[in-house]
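Novice: Dumping the structure here so I can ask a few things about it.
What follows draws every value from the coordinates through simple rules; no lab data is involved. Small disclaimer: the values here were computed from a predicted structure and weren't measured. For neighbour counting, all protein chains shown are included, and Cβ atoms are generated from backbone atoms with ideal geometry for every residue, glycine included.
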Amino acid sequence: MGSRSNANDGDGQSVLDIVDDWYQVPALLLVVGAMFAIRMQSYSNFIRDGEVFFSGNDAWYHYRATTYIVENWPATMPFDPWTGFPYGTSAGQFGTLYDQIVATVALLLGGGSPSPELVAKVLLVAPAAGGALTAIPIYFIGKRLSGRLTGLFGAVVLLL
């Protein structure tokens, strides 16, 4: 009853019913994968002979903070002598949650003792991964406001 085709699985749902119920999952995975691939296109521009070269001051700051957290996990860097020259400054206001997440991922990938190169590579990939994963909350916001198709449309717009 209410089945769209004769090809039913054990629960009485047709293949079309299952596709209608779950189409958003592979579509959202495709969007997230495409976003990550697009953002990773320039990865090789920052790697020379296995060494990571960041562009801009922020990446170097986050590298220092992440390295500190890796060495002193879960403590974050309380004071940074390299900011607020010549006196230094408290480092608590500068992105410590981001650095904590990156350090934790590096520790997991490095088996508890990641190399400085691994920490730098994780830090290099983190913005691309974070940007791609942003499609998931965008989908759920759009789904909550107006349905699954709207959520997917919002994720695709973010992709573009």
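Novice: Summing Lys, Arg as +1 and Asp, Glu as -1, what charge do residues with Cβ under 13 Å from the Cβ of ARG64 carry, ARG64 excluded?
Specialist: Local net charge: -4.
Novice: Looking at the chain, which longest stretch skips every one of the chymotrypsin sites (Phe, Trp or Tyr not before Pro) that is in a DSSP loop with at most 14 other Cβ atoms within 10 Å, leaving the sites themselves out?
Specialist: Between the exposed loop sites, the longest stretch runs 88-160.
Novice: Tell me the Kirkwood radius of the stretch 42-86: reciprocal of the mean inverse pair distance over distinct alpha-carbon atoms, in Å.
Specialist: 12.1 Å
Novice: Residue by residue, what Karplus-based ³J(HN,Hα) values in Hz, rounded to whole numbers, does the stretch 39-50 have, using 6.51, -1.76 and 1.60 with θ = phi - 60° and x for Gly and Pro?
Specialist: 6, 8, 4, 8, 3, 5, 5, 9, 10, 9, 6, x
Novice: SER42 to LEU145: extension gain in nm, 0.36 nm per residue of separation minus the Cα-Cα distance?
Specialist: Using 0.36 nm per residue and subtracting the Cα-Cα distance, I get 33.6 nm.
Novice: What would the Debye formula give as log10 I(q)/I(0) at q = 0.15, 0.22, 0.28 Å⁻¹ for the alpha-carbon point model of the stretch 94-144, no solvent?
Specialist: The calculated log intensity ratios at q = 0.15, 0.22, 0.28 Å⁻¹ are -0.49, -0.79, -1.02.
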